[in-house]
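Have a look at the structure below before the remarks.
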Amino acid sequence: MRSILIVLALVGCTTNVPTPTGTTCPDPDPNTLTYDNFGMQFMTDYCIQCHDSALPRSQRHGAPLYHDFETLFGVFVVSGHIDERAGFGPDAENAFMPPDRCPSVPGGALDSNCAQPSSEERRKLAEWLACERDRPHTF
Amino acid sequence: MPVGPRAVVLVALLGPASVRADHDHGAMQAGPSSFGASIAFVAASFDTMIYAGDYQSVVPSARWSNERFFVSAGLPLYRLLENGRTLYGPGDAMIHGRFVALGSTDRARAGVALGVMAPTGDPLTGLGMGHVMVMPSVWGTVRRGDVMLAGAAGFGHALGGSTHQGHGAWPLVEPMNISEVTWTASGELELAVALRAGVVFSGALPVGEGNTRAVTGVRVVWTEGRVETTAAIQAGLAGDPFIFRGVLETALRF
């Protein structure tokens, strides 16, 4: 039984799972990456075809409810999830999102290959999220 | 005195009180060493805070038992519909063992059990937990006339892995917490020589963060020679394990 547990534990350890990137915001925050100059476009290009609060469950292609990225608030409340699924950083390079197939229009059929962010864009995403968490917000 | 099959069938239902154990039906452990196999068909609908959909699964399993030991291993294969996306794939594999420590008749028996789940299912899509789950438990049964009562209590804990991606209990198909205390209570009545019916309550309390889970169900068990067929209808009471679930399982003892 002990051998079985060891084997199973090794199987578990080698499973590729979403991992926090460990990215930190430079101190002081340079404000070079913001929602207006980076985050909004990133989400528009790669995410909101499925992660949009206007989409009913049946049109989200598996995107969980309350993971809606058409606003800064929507991104902010699950920024850790985004980092673990799409961010690159010192501790992990997560490319679980976007998936392979996407709708060409929000809520539509999976009729096209998803646009994929570059490695540099994924690193910027992780850094922007890290910085955004510490910035003052009014929502 | 040989172990009565009715007692052990009920014991077989008392794995760790995870939702999965509720359909670990049909083990016939009637004395001499024997091998067996079973196949279960499962259909369920679910509606959690962030996901809604349904799933169907086929669960083949193999088993071995003698008078005091029972071991089974199974791998569920799923079709999962979650928020408009349909997926196919394996779930987490399950190995389960039980040992009869006290008692040798139907009247009163008790023992220990250990369930281990291996992360063969995809944790990103809700088919798997993403880590090994170890679930030791203790169980006992009492029989008076045509009525049998059974109970079990256990502890489930994840080895490795971390947060279930922040979704609380996970995966969608067999939600469990990272660490939890589990329980099961059941009663069964012999309606005829080969026909029994019963009710089951089971659930889990999280240790640390997580969701309390509770399930109830009714089942009918028909035994004919070496074949045993179980039909069950279950309902989620708390923690959103599912809304309703149906299980049909046939087990054959070689």
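Along the Cα-to-Cβ line of B:Thr105, 7 Å from the Cα, sits a label point; which residues in the stretch B:131-152 have backbone N less than 12 Å from it? Only B:143-145 pass the distance filter. Using C-alpha pairs under 8 Å with a sequence gap of at least 6, the mean separation divided by the residue count of the stretch A:43-138 gives a relative contact order of 27 percent. Restricting the trypsin sites (Lys or Arg not before Pro) of the stretch B:165-254 to loop positions (DSSP other than H, G, I, E, B) with no more than 14 neighbouring Cβ atoms within 10 Å leaves B:Arg226. Once the gyration tensor of the Cα atoms in the stretch A:2-134 is diagonalised, the equivalent ellipsoid follows with semi-axes of 26, 23, 13 Å, ordered largest first. Counting 0.36 nm for each residue step from B:Ser45 to B:Tyr88 and taking away their Cα separation leaves a gain of 13.9 nm. Note on chain B: helix-only mean residue ellipticity at 222 nm, from DSSP H runs of 4+ residues weighted -39500 (n - 2.57) and normalised by residue number, equals -1000 deg cm²/dmol. Counted by neighbouring Cβ atoms within 10 Å, the residues A:Asp83, B:Asp54, A:Asp134 run from fewest to most as A:Asp134, B:Asp54, A:Asp83.
Dividing the summed helix terms, -39500 (n - 2.57) for each DSSP H run of n ≥ 4, by the number of residues in chain A produces a 222 nm estimate of -10500 deg cm²/dmol to the nearest 500. Direction-averaged projected area, Cα convex hull, the protein assembly as shown: 20.3 nm², rounded to one decimal. Fewest-first ordering of B:Met94, B:Met176, A:Met43 by other beta carbons within 10 Å of each residue's beta carbon gives A:Met43, B:Met94, B:Met176.
Gyration tensor analysis over the Cα atoms of the stretch B:83-221 returns equivalent ellipsoid semi-axes of 31, 17, 13 Å (largest first, whole Å).
Using a cut-off of 13 Å between beta-carbons, work out the net charge of the residues near A:Glu93 (Lys and Arg +1, Asp and Glu -1, A:Glu93 not included). That sum, taken over residues with Cβ under 13 Å, equals -2.
Remark: mean inter-chain Cβ contacts per residue of B:128-141 equal 2, using a 10 Å Cβ-Cβ cutoff to other protein chain atoms.
Shown here for the stretch B:38-129: trypsin sites (Lys or Arg not before Pro) in loop regions (DSSP other than H, G, I, E, B) with at most 16 other Cβ atoms within 10 Å, namely B:Arg68, B:Arg107.
The residue list A:Pro30, A:Phe76, A:Gly62 was ranked by how far each Cα lies along the charge dipole of the stretch A:20-86 toward its positive end, using unit charges on Cβ atoms, and A:Gly62 comes out on top.
Counted by neighbouring Cβ atoms within 10 Å, the residues A:Ser58, A:Ser79 run from fewest to most as A:Ser58, A:Ser79. Taking 7 Å steps out from each Cα toward its Cβ at B:Val142 and B:Leu237 produces label points 1.9 nm apart. Extents of the stretch B:5-253, largest first, come to 47, 31, 30 Å (Cα atoms, principal axes, whole angstrom).
Rule-based calculations on the coordinates, nothing more; no lab input. A quick note: this is a predicted structure, and the numbers were derived from the prediction, not measured. Note that we place each Cβ from the backbone using ideal geometry, even for glycine, and neighbour counts take in every protein chain shown.
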